[in-house]
């Protein structure tokens, strides 16, 4: 599902232009992401106001706050899907999910939900999660969403363009206890490489950040994989995502 040679296009939509721009700027720091922002026009609050010419790109991932629209989430997603053509992955970025979003979260195609009370780095983690095929639920919201007892829903398209069943639910958590256990097994450099890989960074990017050679980074990766008994990059990503290391 995850391929480094395919760039994900992300569109952040919000009535606050500074917030939308901040999200897109943060995401654009990643080489595998191309992010654009859109300040929610006033006429977008109604279905007839949603038009193709408003979009700065055709995104693979859309980040939005459903509460800013004067319509239910099914109508929002349906209209955006019609405009974009190929349904993207949706992430809700909101103060708190309302009953409509909780009730229809999986059915309409949302793959992530995070609180605006978290810092913007949480958005980057959520995007990485859904692009790897996970369902990303912040823990405070997860209980409400999962309490509805709904199945995870239809297959979603991964970064490679294939349709794959969604991976098990990933909860947003602080990961503190696990981080401590991980320190006992991995060196700081090895842990940093594992976390960077999970965020979609290439060996060259990690090498630049640590001011080391790509060969040295590959060595750290191999050591970490051996200690954790992981055999591939996808398994490293899966391990990090499941255990809250990013």
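Sort out for me the helices (runs of 4 or more DSSP H) sitting completely within segment 86-172 that have 3 or more residues that are touching a strand residue (DSSP E or B) at 6+ places or on another chain (Cβ under 6 Å), within 18 Å of residue 62 (Cβ to Cβ) and modelled with pLDDT of 75 or more.
Answer list for segment 86-172: 121-131.
Quick check on my filter: what residues within segment 53-70 are part of a loop (DSSP other than H, G, I, E, B) and crowded, with 17+ Cβ neighbours inside 10 Å?
Within segment 53-70, 55, 59, 60, 65, 69 qualify.
Go through segment 112-122 and count every residue that is within 19 Å of residue 29 (Cα to Cα) and buried (at least 24 other Cβ atoms within 10 Å of the Cβ).
Of the residues in segment 112-122, 0 are within 19 Å of residue 29 (Cα to Cα) and buried (at least 24 other Cβ atoms within 10 Å of the Cβ).
Answer yes or no as to whether residue 18 is modelled with pLDDT of 85 or more and either closer than 23 Å to residue 202 by Cα or in contact with a helix residue (DSSP H, G or I) (Cβ under 7 Å, 6 or more places away or on another chain) (or both).
When the stated conditions are applied, residue 18 does not pass them.
Conditions: (1) at pLDDT 85 or above; (2) within 17 Å of the chain's Cα centre (by Cα). Residue 199 meets all but one. Number of the miss?
(1)
The values are calculated or read from the model by the stated rules, or taken from the named source; none is laboratory data. Because the structure is predicted, anything quoted here is derived from the model rather than measured. Methodologically, a virtual Cβ is constructed for each residue, glycine included, from the backbone with ideal geometry; neighbour enumeration extends over all protein chains shown.
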